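Student: Encoded as structure tokens, here's the structure I'll be asking about.
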Amino acid sequence: MSLPLSVPASADESRLSSNKQSFKRAKQRFTPTIAMLVGIENCLSQHDKTDLRIIRRLLDGFRYEMIADELFISGGALRYRLTKIFCDAGVTTWQEFEELVHHNLGDGNPFQYIDER
């Protein structure tokens with residue numbers, strides 16, 4: 001018995017695609033400020049504590065390797081989670097994400113009070 005050459009899209013891939021489409025619609029429909037706020041809201045509402053811990057460390061200036069080591073996750077898992085976070089926020093890079101957060105939520109780290117337990 002042979003395995004199929006193409007693997008069906010997973011639920012996560014489908015969700016990422018759906019979130020990209022919703023963010024594109026929001027960007028077209030609303031002012032840039034509202035579109036950015038929609039991105040932040042998507043990012044905060046659709047992620048678990050591990051993702052929020054990753055965000056906190058990113059905003060504190062930690063390097064990717066340090067984050068993976070500290071949270072006991074692999075580099076691949078960290079990259080996967082970052083891809084989901086950035087997609088839900090409507091950005092593609094760490095720099096865009098940092099600018100989005102600081103521009104809309106102020107300087108400092110608004111994620112500093114995330115429960116570490």
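The values are calculated or read from the model by the stated rules, or taken from the named source; none is laboratory data. If you're wondering where the values come from, they're calculated on a predicted model, not measured in any experiment. Backbone-built Cβ (ideal geometry, glycine too); neighbour counts: all protein chains shown.
Student: Could you give me the residue pairs with C-beta distances under 8 Å whose first residue belongs to the stretch 35-50 and is among the basic types (Lys, Arg), whose second residue is surrounded by fewer than 17 Cβ atoms within 10 Å (Cβ to Cβ) and at pLDDT below 80 wherever it lies, and which are 6+ apart or on separate chains?
Tutor: Every condition considered, the pairs that remain are Lys49/Ile114; Lys49/Asp115.
Student: Another question, then. Quick one: in the stretch 49-82, of everything that is within 20 Å of Gln95 (Cβ to Cβ) and among the acidic types (Asp, Glu), which residue is modelled with the lowest pLDDT?
Tutor: Per the stated criteria, the residue is Asp60.
Student: Please indicate, with yes or no, whether at least one residue in the stretch 83-104 is out of contact with any Asp or Glu (no Cβ under 7 Å at 6 or more places or on another chain) and at pLDDT below 75.
Tutor: yes
Student: Taking only the stretch 72-104 into account, find how many residues are crowded, with 20+ Cβ neighbours inside 10 Å and on the phi > 0 side of the Ramachandran plot.
Tutor: 1
Student: Would you pick out the residues in the stretch 27-71 that are acidic (Asp, Glu), exposed (fewer than 11 other Cβ atoms within 10 Å of the Cβ) and assigned to a helix (DSSP H, G or I)?
Tutor: Initially, the stretch 27-71 is screened for residues acidic (Asp, Glu), giving 41, 48, 51, 60, 65, 69-70.
Filter again for exposed (fewer than 11 other Cβ atoms within 10 Å of the Cβ), leaving 48, 65.
Passing the criteria: only Glu65.
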